[in-house]
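A short write-up of the structure that comes next.
The values are calculated or read from the model by the stated rules, or taken from the named source; none is laboratory data. The structure displayed is predicted, hence computed values, not measured ones. Neighbour counts run over all protein chains shown; Cβ positions are idealised from the backbone, glycine included.
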Amino acid sequence: MRYLTAGESHGKALVGIIDGYPSGVPVDIDFINKELARRQKGTGRGGRMAIESDEVEIISGIRKSYSIGSPISFLIHNKDWVNWKDIMNISQDGSCENKEKILLNPRPGHADLTGFLKYRFNNIRDVIERSSARETAARVCVGGFAKIALNLFGIKIYSYVTRIGPVSFEDKIKLEKETVKKIEESAVRCPDEKISNKMEKEILKSKAHGDSLGGKFKVIAVGAPPGLGSYSQWDMRLYSRIAAAFMSIPAIKAVDIGNGFSSASVSGRNFHDEIYYDEKNGFYRKTNRAGGIEGGMTNGGNIVVGAVMKPIPTTRKGLGTVNIQTKKAGVSLKERADICAVPAASVVGEAVLSIEILNAMQEKFGKDNIDEILENYTSYKKYIKNIEKL
Ligand SMILES: Cc1cc2nc3c(=O)[nH]c(=O)nc-3n(C[C@H](O)[C@H](O)[C@H](O)COP(=O)(O)O)c2cc1C
């Protein structure tokens with residue numbers, strides 16, 4: 001399965017094309033819309049999220065609510081487009097020129113300066129319309145399709161926030177129903193109510209100072225079978241695909257799998273997950289420091305991905321920059337922006353992890369039809385169980 005997205009932040013719509021999605025999957029559009037709504041939430045989101053209420057419109061690839069194996073294409077309309085029609089005009093129309101503010105003060109930490117130079121623009125607007133993380137709505141939609149398929153194999157994806165600026169949540173959690181409910185109810189997607197409140201306060205403080213914040217989050221896949229990915233080539237090692245997918249989310253600056261970062265300071269005998277066996281469980285581990293992947297392949301444990309998000313580059317007070325035309329020192333441009341989008345980014349993380357896992361499942365068990373993939377999956381599970389009983 002591969003996908004492409006298109007669309008400007010204030011253009012008519014975001015567009016997505018998914019190629020290679022198996023036929024026969026019952027596609028619940030309401031579920032995808034709920035995923036889109038989850039991405040829009042969270043303390044610290046900017047005014048734009050109050051205007052948009054993202055909904056997907058399917059153009060192709062689905063008939064009578066089932067996927068038919070042809071490319072799925074979809075639109076997510078930008079409600080704000082009506083307010084930007086003149087500025088985003090596709091035809092050559094000079095009537096808006098006077099109204100439009102030409103943006104010349106690039107934001108440090110954004111694509112503004114390099115995009116302006118690279119594509120020979122004369123207005124930073126031409127960069128920021130596509131470099132905006134509005135694009136991640138389309139990715140959450142693709143991820144929604146992937147989640148629906150994974151659910152048929154009993155694979156579920158969760159996420160929660162472990163840090164907002166200076167406030168961190170370090171506890172180990174069990175993904176029980178009650179915990180998941182707490183995460184979904186928290187305005188910052190953190191399962192601990194007290195720490196959630198502290199995180200929210202930190203965001204509001206940052207807002208009052210005209211500043212922004214980053215943080216950390218974890219994404220966890222439960223139920224993936226052992227043997228997805230391979231050690232045989234660098235690009236088959238599942239680590240590389242997952243890390244690339246997370247690093248493609250705007251503002252993500254570091255990714256680790258399992259206890260990745262802390263593994264540097266622990267001895268081998270204290271790090272690696274020892275292997276046990278009993279009749280009831282087959283092979284199993286008591287710990288999961290590897291984060292569910294060894295040798296580039298899933299090992300049957302939960303896949304645990306941690307990601308670090310830098311602070312949002314657009315701030316009300318701005319940052320020092322240089323005007324592209326006059327070359328004089330100035331303050332970076334102001335664009336309506338989030339103060340903190342770590343909770344939203346964790347939902348985008350769920351989407352990209354779902355896509356990578358579905359891809360690996362299709363590689364191992366088949367690509368064309370979901371029942372065929374399920375049959376191959378069931379027979380593989382049976383094979384593994386038999387081996388464990390030998
Ligand atoms: C969900 C989400 C929302 C974001 N919202 C904003 C925003 O409102 N303003 C902003 O300047 N950056 C925002 N960002 C981050 C920028 O898109 C990102 O920093 C920028 O495109 C530069 O890319 P880089 O940080 O990966 O180098 C957001 C990122 C995500 C994942």
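Starting from region 306-322, keep only residues that are in contact (Cβ under 8 Å) with a residue 40 or more places away in the chain and within 11 Å of the ligand (Cβ to nearest atom), then list their pairs with residues that are part of a loop (DSSP other than H, G, I, E, B) and among the charged types (D, E, K, R) whose Cβ atoms are within a distance under 6 Å, requiring at least 6 positions of separation or different chains.
Ile312/Asp338; Pro313/Arg107; Thr314/Arg107; Thr314/Glu335; Thr315/Asp211
If I filter region 109-147 down to residues being touching a residue at least 24 places away in the same chain (Cβ under 8 Å) and not in a helix (DSSP H, G or I), which single residue comes out as surrounded by the fewest Cβ atoms within 10 Å (Cβ to Cβ)?
Gly109
Of everything in region 144-172, what is farther than 30 Å from Gly16 by Cβ and at pLDDT 95 or above? Give them in sequence order.
Across region 144-172, the qualifying residues are Arg163, Gly165, Pro166, Val167, Ser168, Phe169.
Tell me, which residue of region 337-390 that is within 25 Å of the chain's Cα centre (by Cα) and among the charged types (D, E, K, R) is farthest from Ile128 (Cα to Cα)?
Once the filter is applied, the top-ranked residue is Lys364.
Quick one: in region 208-242, of everything that is within 15 Å of the ligand (Cβ to nearest atom) and either among the basic types (Lys, Arg) or in a strand (DSSP E or B) (or both), which residue is surrounded by the fewest Cβ atoms within 10 Å (Cβ to Cβ)?
Out of the qualifying residues, it is Lys216.
Give the residues of region 39-51 that are within 12 Å of the ligand (Cβ to nearest atom) and in a loop (DSSP other than H, G, I, E, B), sorted by residue number.
Within region 39-51, Lys41, Gly42, Gly44, Arg45, Gly46, Gly47 qualify.
Checking the conditions here, which among Phe145, Phe169, Phe153 is under 16 Å from the mean Cα position of the chain (by Cα) and of a type in the set (Phe, Trp, Tyr)?
Of the residues listed, the single one that is under 16 Å from the mean Cα position of the chain (by Cα) and of a type in the set (Phe, Trp, Tyr) is Phe145.
Inside region 3-38, can you point out the residues that are of a type in the set (Phe, Trp, Tyr), within 17 Å of the chain's Cα centre (by Cα) and not in a strand (DSSP E or B)?
Correct list: Phe31 only.
Could you give me the residue pairs with C-beta distances under 8 Å whose first residue belongs to region 180-199 and is among the hydroxyl-bearing types (Ser, Thr, Tyr), whose second residue is surrounded by fewer than 18 Cβ atoms within 10 Å (Cβ to Cβ) and assigned to a helix (DSSP H, G or I) wherever it lies, and which are 6+ apart or on separate chains?
Ser186/Glu193
Test each condition in (1) within 14 Å of the ligand (Cβ to nearest atom); (2) more than 30 Å from Thr179 (Cβ to Cβ); (3) in contact with a Leu (Cβ under 7 Å, 6 or more places away or on another chain) for Val140 and report the one that comes out false.
The single condition Val140 does not satisfy is (2).
Quick one: would you say Gly69 is within 23 Å of Gly144 (Cβ to Cβ), touching a Pro at 6+ places or on another chain (Cβ under 7 Å), part of a loop (DSSP other than H, G, I, E, B) and at pLDDT 95 or above?
Criteria met by Gly69.
Considering only residues of region 243-288 that are part of a loop (DSSP other than H, G, I, E, B) and modelled with pLDDT under 95, which is surrounded by the most Cβ atoms within 10 Å (Cβ to Cβ)?
So the residue we want is Asn281.
Considering only region 360-390, state which residues are small (Gly, Ala, Ser), in a helix (DSSP H, G or I) and buried (at least 16 other Cβ atoms within 10 Å of the Cβ).
Ala360
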